[in-house]
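Okay, structure first, notes after.
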Amino acid sequence: MDAAMNRAMRAVAPLAPFTAAALAAALLFAAFLAAQGFEAPEALGLVVEGAFGSAFAWQNTLARAAPLMLTALCVALPARAGLVIIGGEGALALGALAAAMVPSLTAGWPALPVQLLMALAGFVAGGAWIAASAWLRHVRGINETISSLLLSYIGIALFNFLVEGVLRDPASLNKPSTPPLPDAVLIGPLPGLEVHWGLVWGVLACAAAWFLLRRTVFGFSVGVVGGNPRAALMAGLPVGALLIAACFLGGGAAGVAGMLEVAAVHGSANASLLAGYGYAGILVSFAARHNPLGIVAGAILVGGIGASGSLLQRRLDLPDAAVLVLQGALFVALLAFETLNRKGARRV
């Protein structure tokens, strides 16, 4: 009985920081709303209702969760190697742009090969952009967190420059965009749902990432590098190659998220797809403690918070961006409770 209880406690223990952070974030958000003169309990109830209160709410939540799963992997995979990467938004933008260019180069091809090439183009573009941060860290000693953030800004600027310039569709007058994708290569919804197939792609990517990190020699080697780079060097591991590979895979996942936004949501590359999924993916990964399987649940939670914004706007006349305050409070609380949890573990 005691052994079973101990196993149960060990299984639940990793959830303690997240549970405490979620409660603290709710209290902080309630205090913020109360200070603005709103009824905090009603607003929190609307967040739950807008995220999970109906079939429509669930579909809206899952549609937002699909790209979050992939952008969160852009943080989680490098984190396994000991790197803090926060440039997923730039990788998503360039992945979307690369994918949007493929149909014009493959006119007349069957739909499936074009879709696969779009995914490959998005993966390579996003992966190469994030891998640059790992290369700078390994070769020049430049902090990867700063370089990935700055490269993200550069990637977004490059995206806007090309979409509004040489790649712009002349027919897109009010909202600059690339030429629309042919209907044949668009990715449709899941049967009976209004959620596109990107949700399945995201879940499969998280499962594949978990297997790669936990059940392969590559994943073990990356974990050794993340735990102690000097020990990894002494063991003869190619530290630089492993860092770059982990970042390339993570950035590639974010690039595929961009491809899905083009092929399943917008139908072209335009500024509307830069909706902050790359930044929200940071929160999702930290909420899941960089566990690829936990990312699925974390993406649904954060996607639900984002989906509730429109309901808060309609019912309480709050700005749609008010939910960003809740997301920010959750992120700060996660960092705080994770730090306290680690300090407590060191004392023990």
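Remarks
- All conditions but one from (1) touching a Ser or Thr at 6+ places or on another chain (Cβ under 7 Å); (2) touching a residue at least 12 places away in the same chain (Cβ under 8 Å) apply to L136; the one that does not is (2).
- Boolean, V124 is at negative phi and over 14 Å from the mean Cα position of the chain (by Cα): yes
- The listed residues are A333, A307, and the only one of them that is in contact (Cβ under 8 Å) with a residue 24 or more places away in the chain, surrounded by 19 or more Cβ atoms within 10 Å (Cβ to Cβ) and closer than 21 Å to L199 by Cβ turns out to be A307.
- The residue of segment 52-87 that is farthest from L190 (Cα to Cα), among those that are polar (S, T, N, Q) and part of a helix (DSSP H, G or I), is T71.
- Test: residue in segment 299-308 that is assigned to a loop (DSSP other than H, G, I, E, B) and more than 13 Å from L68 (Cα to Cα): yes
- Conditions (1) part of a loop (DSSP other than H, G, I, E, B); (2) within 20 Å of A72 (Cβ to Cβ); (3) of a type in the set (S, T, Y); number of the one not met by S172: (2)
- Sole residue being touching a residue at least 60 places away in the same chain (Cβ under 8 Å), surrounded by 22 or more Cβ atoms within 10 Å (Cβ to Cβ) and under 20 Å from the mean Cα position of the chain (by Cα), chosen from L273, L242: L273
- Residue that is over 28 Å from L340 (Cα atoms), surrounded by 17 or more Cβ atoms within 10 Å (Cβ to Cβ) and touching a helix residue (DSSP H, G or I) at 6+ places or on another chain (Cβ under 8 Å), where the choices are A24, A40, A66: A66
- Residue in segment 104-112 that is in a helix (DSSP H, G or I), at pLDDT 95 or above and out of contact with any Lys or Arg (no Cβ under 8 Å at 6 or more places or on another chain) present: no
- Within segment 213-224, considering residues that are of a type in the set (A, V, I, L, M) and closer than 18 Å to C74 by Cβ, the one surrounded by the fewest Cβ atoms within 10 Å (Cβ to Cβ): L213
- Options A119, A131, A157; residue that is buried (at least 22 other Cβ atoms within 10 Å of the Cβ), in a helix (DSSP H, G or I) and hydrophobic (A, V, I, L, M, F, W, C): A131
- Taking residues in segment 159-187 that are touching a residue at least 12 places away in the same chain (Cβ under 8 Å) and closer than 25 Å to W129 by Cα, and partners anywhere that are among the basic types (K, R) and in a loop (DSSP other than H, G, I, E, B), the pairs with Cβ atoms closer than 9 Å and at least 6 places apart or on different chains are L162/R168; P176/R168; S177/R168; T178/R168; P179/R168.
- Hey, L190 in contact with a Phe, Trp or Tyr (Cβ under 8 Å, 6 or more places away or on another chain), buried (at least 23 other Cβ atoms within 10 Å of the Cβ) and among the aliphatic types (A, V, I, L, M) or not: no
- Residue list for segment 288-300, filter: touching a residue at least 60 places away in the same chain (Cβ under 8 Å) and among the aliphatic types (A, V, I, L, M): A288, L293, I295, V296, A299, I300
The values are calculated or read from the model by the stated rules, or taken from the named source; none is laboratory data. Here the structure is a predicted model, which means the values were calculated and not measured. Positions of Cβ are backbone-derived with ideal geometry, glycine not excepted, and every protein chain shown enters the neighbour counts.
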